[in-house]
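Undergrad: Could you have a look at this structure, given as structure tokens, before my questions?
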Amino acid sequence: MSLLSLRALIVEDSPDDAFLLVRELKKGGFDLLYERVDNEADMRSALQRYDWEIIFADYSLPQFDGLRALALLQELEIDIPVILISGTIGEELAVEAMKAGAQDYLLKGNLHRLQPAVNRTLREAENRQIRQRAEAALSESQARLFSIITSAMDAIIVAEDGGQIVLSNEAAEKMFGYNQNEFLSLDVHELFADGNTLEQRREGHDQPTERPAEGTFVTQGRRADGKQFPVEASVARVETADRRAYTFIIRDITQRLASENALRESEEKFRQLAERIHEVFWVEDLHSHKLLYISPIIDELWGTDEPPDSPSDFMQYIHP
């Protein structure tokens with residue numbers, strides 16, 4: 001039979017009682033690494049030296065008892081399962097010990113439950129550690145997500161299924177001119193000039209539902225002072241076991257639209273200029289030497305519908 005390794009700290013003033021406990025553990029199939037202490041100072045020192053898996057503590061010692069050992073673990077914020085062992089322990093004392101944090105209690109003269117109690121206690125401790133790690137990972141993930149939301153340049157708003165806003169970041173407050181408390185009293189549709197663009201419409205009917213439509217679209221935002229501005233909004237549904245919500249990522253596209261309009265105006269001016277100049281000019285790629293643009297007058301001056309393939313073709317028709 002393969003032995004299970006176990007690191008055990010024994011809080012016991014009687015070497016004989018500790019010997020009986022160790023013998024029972026070894027009979028139960030444990031390869032034991034243990035240390036016996038009988039006072040608080042030695043227990044503190046032992047906790048610093050080893051990473052113990054379990055603690056067996058006598059309920060009543062002359063100067064140090066099991067309840068004080070449990071209190072010391074809480075003081076040091078150390079999560080090690082404790083099994084209390086006593087010569088005599090009544091129901092009231094057992095309940096008190098369990099409330100104080102003990103995982104189980106046994107009578108010294110009746111250790112037949114020792115092995116199953118240890119196995120169950122270790123299994124519960126492992127499950128507890130797994131749960132704590134999962135909770136810590138979730139908390140870290142939520143902290144990262146919160147950091148991303150708060151530091152994002154775009155407005156981020158979370159609304160319940162019916163539209164009630166439950167979360168907004170600082171960028172949203174700056175963009176729309178509401179503070180956080182004011183946001184929590186708003187319906188998300190109030191942030192847009194045309195709220196209907198955010199709503200789903202029932203198939204075959206013009207009547208909108210209360211649920212925001214998913215996807216990305218351009219519409220007009222509406223600030224707290226009533227002024228409107230162009231925005232691009234992306235809406236995504238988020239579902240959990242007990243609720244459904246929608247996340248809005250909103251970007252002010254005022255500057256983008258202005259740049260696009262300026263580019264279109266520039267292109268239109270270029271087109272008008274190119275069509276009215278009576279001299280041939282072209283735009284050439286300096287790397288590939290391909291023609292990117294030739295003014296339309298080329299057809300009239302060249303006398304053919306097939307313009308030259310490269311600028312070098314022009315040169316052969318120029319007098320030396």
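Undergrad: Against the conditions (1) surrounded by fewer than 12 Cβ atoms within 10 Å (Cβ to Cβ); (2) of a type in the set (Val, Ile, Thr); (3) closer than 19 Å to SER14 by Cβ, where does ILE85 fall short? Just the number, please.
TA: So ILE85 meets the others, but not (1).
Undergrad: Name the residues in the stretch 141-187 that are open to solvent by 30 Å² or more (accessible area, probe 1.4 Å), touching a residue at least 40 places away in the same chain (Cβ under 8 Å) and assigned to a helix (DSSP H, G or I), would you?
TA: Correct list: GLU182 only.
Undergrad: Taking the condition out of contact with any Phe, Trp or Tyr (no Cβ under 7 Å at 6 or more places or on another chain), open to solvent by less than 100 Å² (accessible area, probe 1.4 Å) and at pLDDT 90 or above, does PHE281 pass? Lay out the reasoning, then the answer.
TA: Numbers: out of contact with any Phe, Trp or Tyr (no Cβ under 7 Å at 6 or more places or on another chain): yes; open to solvent by less than 100 Å² (accessible area, probe 1.4 Å): yes; at pLDDT 90 or above: no.
Answer is no for this residue.
Undergrad: Continuing with this model, one more query. Limited to the stretch 51-67, what total is found for residues that are surrounded by fewer than 17 Cβ atoms within 10 Å (Cβ to Cβ) and among the charged types (D, E, K, R)?
TA: Start the filter on the stretch 51-67 by keeping residues that are surrounded by fewer than 17 Cβ atoms within 10 Å (Cβ to Cβ), which leaves 51, 60, 62-63.
Adding the requirement that they be among the charged types (D, E, K, R) leaves 51.
The qualifying residues number 1.
Undergrad: Right, next: For the stretch 278-302, which positions are of a type outside the set (A, V, I, L, M, F, W, C) and assigned to a loop (DSSP other than H, G, I, E, B)?
TA: Result: HIS278, GLU279, ASP285, HIS287, SER288, HIS289, LYS290, SER295, PRO296.
Undergrad: Residues in the stretch 27-40 that are open to solvent by 70 Å² or more (accessible area, probe 1.4 Å) and under 42 Å from the mean Cα position of the chain (by Cα): how many? Before you say what the answer is, go through the steps one by one.
TA: Pass one, the stretch 27-40, residues open to solvent by 70 Å² or more (accessible area, probe 1.4 Å): 27, 31, 33-34, 36.
Filter once more, keeping what is under 42 Å from the mean Cα position of the chain (by Cα): 31, 33-34.
Total meeting the criteria: 3.
Undergrad: Has the stretch 204-211 got any residue that is in contact with a strand residue (DSSP E or B) (Cβ under 9 Å, 6 or more places away or on another chain), modelled with pLDDT of 80 or more and open to solvent by less than 60 Å² (accessible area, probe 1.4 Å)? Walk me through it before giving the result.
TA: Let us first name the residues in the stretch 204-211 that are in contact with a strand residue (DSSP E or B) (Cβ under 9 Å, 6 or more places away or on another chain), namely 207-211.
Those left that are additionally modelled with pLDDT of 80 or more: none.
No; the residues of the stretch 204-211 include none that is in contact with a strand residue (DSSP E or B) (Cβ under 9 Å, 6 or more places away or on another chain), modelled with pLDDT of 80 or more and open to solvent by less than 60 Å² (accessible area, probe 1.4 Å).
Undergrad: In the list GLN103, GLN48, GLN74, which residue meets the criterion of being within 37 Å of the chain's Cα centre (by Cα), at negative phi, free of Cβ contacts under 8 Å to residues at least 40 places away in the same chain and surrounded by 13 or more Cβ atoms within 10 Å (Cβ to Cβ)? Spell out how you get there, then give the answer.
TA: Values: GLN48 fails: surrounded by 13 or more Cβ atoms within 10 Å (Cβ to Cβ); GLN74 fails: surrounded by 13 or more Cβ atoms within 10 Å (Cβ to Cβ).
Of the residues listed, the single one that is within 37 Å of the chain's Cα centre (by Cα), at negative phi, free of Cβ contacts under 8 Å to residues at least 40 places away in the same chain and surrounded by 13 or more Cβ atoms within 10 Å (Cβ to Cβ) is GLN103.
Undergrad: What tally of residues in the stretch 240-266 results from selecting those that are exposed (fewer than 10 other Cβ atoms within 10 Å of the Cβ) and more than 21 Å from PHE176 (Cα to Cα)? Steps first, answer last, please.
TA: Taking the stretch 240-266 and keeping what is exposed (fewer than 10 other Cβ atoms within 10 Å of the Cβ), we get 240-242, 255.
Within this subset, residues satisfying the condition of being more than 21 Å from PHE176 (Cα to Cα) are 240-242.
Of the residues in that region, 3 qualify.
Undergrad: Quick one: in the stretch 106-135, which of the residues that are of a type outside the set (S, T, N, Q) and part of a strand (DSSP E or B) is farthest from the chain's Cα centre (by Cα)?
TA: Of the residues in the stretch 106-135, the ones of a type outside the set (S, T, N, Q) are 106-109, 111-114, 116-118, 120, 122-126, 128, 130-131, 133-135.
The next check asks that each one be part of a strand (DSSP E or B); those that pass are 106-107.
Details: LEU106: 44, LEU107: 47 Å.
Ranking the candidates gives LEU107 first.
The values are calculated or read from the model by the stated rules, or taken from the named source; none is laboratory data. Predicted model only: the values in this text are computed from it and were never measured. Because the Cβ atoms are built from the backbone with ideal geometry, glycine has one as well, and the counts that use them run over all protein chains shown. The area values use the complete protein model at the heavy-atom level, side chains included, leaving out ligands, DNA and RNA. Shrake-Rupley method; radii C 1.70, N 1.55, O 1.52, S 1.80 Å.
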